[in-house]
Amino acid sequence: MQRYLAGKCNESERALVEQWYQIHRATDPADIPYDEIEQDLLTVGEQLPAARRQRWFFKTRYVAAATLIAATLVAYLLMVQRNGLSDSTHHPITAADIMPGGNKATLTLADGRHIVLDDISAGNAGTQRDSIVFKNEAGQLTYLSEGTQTGNKRAIPLNTITTPRGGQYRVTLPDGTQVWINAASSLTYAAIDNSGERVVQLKGEAYFEVAKSNGRPFRVITPRQTVEVMGTHFNVNSYPDEPAVKTTLLEGSVKIVGHATDEAVMLRPGQQASLNKESQLSVRQIDINDAVAWKNGLFRFENSDIEAIMRQFARWYDVEVEFEGSKPDIKLWGEAYRNASASQVLDMLAYFDLKYRIETNNSGKRKIIIYT
C-alpha cells in the first residue's frame, strides 16, 4: 500500500492492489466479514519484504462493525511510521506539538541525597556505604559492591529510583537483576547485595529480569499484592488509576499473593494475573507482547478501549486527557512507536471520526481534548 500510494509499485503489485479495490468498491464496508478484511490485509502484507512482514499489520475495528477502509488506512499509517517517513509531509510537527518521553529519573540515596540521573554524564553517579553507583554510556544505572554483607547486622541502605510522567529508566540492581521502570513509577531496593532474601517495593509499572540466586527468593511488593519469584522474567502494572493490578509472566514461575485476602495464585509463562479493586484475583492467557510493549518502545493494544489507551498516553507524554462530549465506544487493536510525537500518534484517531486539539492552561500544563 505504501509503495502504491507513492507510485513505486511494479505492474504485478499495482494490479494486485487495484484488483482488491475493485472487488470491494461497491460493497458497504459494514457488510464485509471481519475475517475477510483480515485476509485481504494479510494478502497485501505478503507482498512486503519478509523482514517487515511480521510486524506491519495494524488492525482496527468498531465494536458494531468492521470498517475496511479505516483498517487499510491505519495499516498504511503504521507502515509510514515504521519506514521513517513520519516527516513534515505526512505529520507536520509544530511548536504546539508534544514530544515523547525519554530516559528521565531521580535517584534518592540512603542518606537522602537526590541525583537527577538525566542531568549527569556517564560515570560515578554516587558513593554510599559498601556500594558505588555508576551510570553507563547507554544511560543505565548499575551498582558495584565494595564488600559483602554476610553476617553484618547493620541496617541495609535503601535507594529509590523515581521516574516522572514522560520518563522511564533501566537499572541493574546489586544482585544482577535488571529492571525497566515505566513512567510515573518508583522502585525502592537495597543498595547492596546481602545474604538474605531480595525485596523491592514498586509503585507504578516495571519489567523484571530476576537474577537467579539459589535459596534467595525475590519479592516485589506493591500496595495491594506481593509477587514472589526465584529467577524469572515478568511485568507488574500497579498504577493506582488502573482498574486492576496486572502481573504478566514471560519466563519461569511466580506466585502472587493479594494483601487484602491472602489469596494466592501461581502463574505459568504466557499468563496474566489480575487483581481488581474488590481484591479478586483471576488468571488468563494473554499475548505477552502486549504487556511488555512499553519496554520495547511501543504502544500496543488488543481489544483496548480508548480510555485505557489514553491513560498510557497521558503518562508517557505528561499531559492531561479529556473527552469533550460522550466517550467514543471504540475498541482498538494495533501498535505505534513511543518515540513519535503526540500528534503523530493521535492522527490515527481521524480514522474513527475523532478529532483532537492541544491546549495549554495558565500554569503551562498541556492538555489534549478529544471530541467528535
> Among Leu202, Gly252, Gly270, whose Cα lies farthest out toward the positive end of the dipole of segment 194-272, if unit charges sit on the beta carbon of Lys, Arg (+1) and Asp, Glu (-1)?
Replying inline: Gly252
> Considering only Thr360, Ala340, Ala314, whose Cα is most displaced toward the positive end of the charge dipole of segment 236-372, charges sitting on Cβ of Lys, Arg (+1) and Asp, Glu (-1)?
Replying inline: Ala340
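Using a 1.4 Å probe, what is the accessible area per residue for segment 259-343, in Å²? Walk me through the numbers before you get to the answer.
Working: 4090 Å² over 85 residues.
Roughly 48 Å² per residue, with all protein chains present.
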> With each label point set 7 Å from Cα along the Cα-Cβ vector, what nm distance links Asn214 and Arg14?
Replying inline: 6.9
>> Given a Förster distance of 41 Å, report the FRET efficiency between Asp118 and Thr261 from their Cβ-Cβ distance, rounded to the nearest 0.05.
In response: 0.55
>> Calculate the FRET efficiency for Asp241 and Glu322 from the Cβ-Cβ distance with a Förster distance of 22 Å, rounded to the nearest 0.05.
In response: 0.95
> Dipole of segment 325-372, Cα-centred, from +1 at each Lys and Arg C-beta and -1 at each Asp and Glu C-beta, to the nearest 20 debye?
Replying inline: 240
> Amide H neighbours of Leu354 under 5 Å, counting only residues 5+ apart in sequence or on other chains, H built in-plane at 1.01 Å?
Replying inline: none
> Based on the mean of other beta carbon atoms within 10 Å per residue, what is the order of 116-128, 168-180, 132-144, 7-19, most packed first?
Replying inline: 168-180, 132-144, 116-128, 7-19
>> As I understand it, the dipole of segment 127-275 uses +1 on the Cβ of Lys and Arg and -1 on the Cβ of Asp and Glu, about the Cα centre. Which of Thr188, Gly176, Thr163 lies farthest toward its positive end?
In response: Thr188
> Ranked from highest to lowest mean number of other Cβ atoms within 10 Å per residue, what is the order of the peptides 276-284, 245-253, 292-300?
Replying inline: 245-253, 292-300, 276-284
>> As a quick test, which of the pairs Lys104/Lys212; Lys203/Lys331; Lys104/Lys135; Lys104/Lys331 have an alpha carbon distance above 21 angstrom in this structure?
In response: Lys104/Lys212; Lys203/Lys331; Lys104/Lys331
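The values are calculated or read from the model by the stated rules, or taken from the named source; none is laboratory data. Small disclaimer: the values here were computed from a predicted structure and weren't measured. All Cβ positions, glycine included, derive from the backbone under ideal geometry; neighbour counts span all protein chains shown. The accessibility values were calculated without ligands, DNA or RNA, using every heavy atom of the protein model including side chains. Shrake-Rupley method; radii C 1.70, N 1.55, O 1.52, S 1.80 Å.
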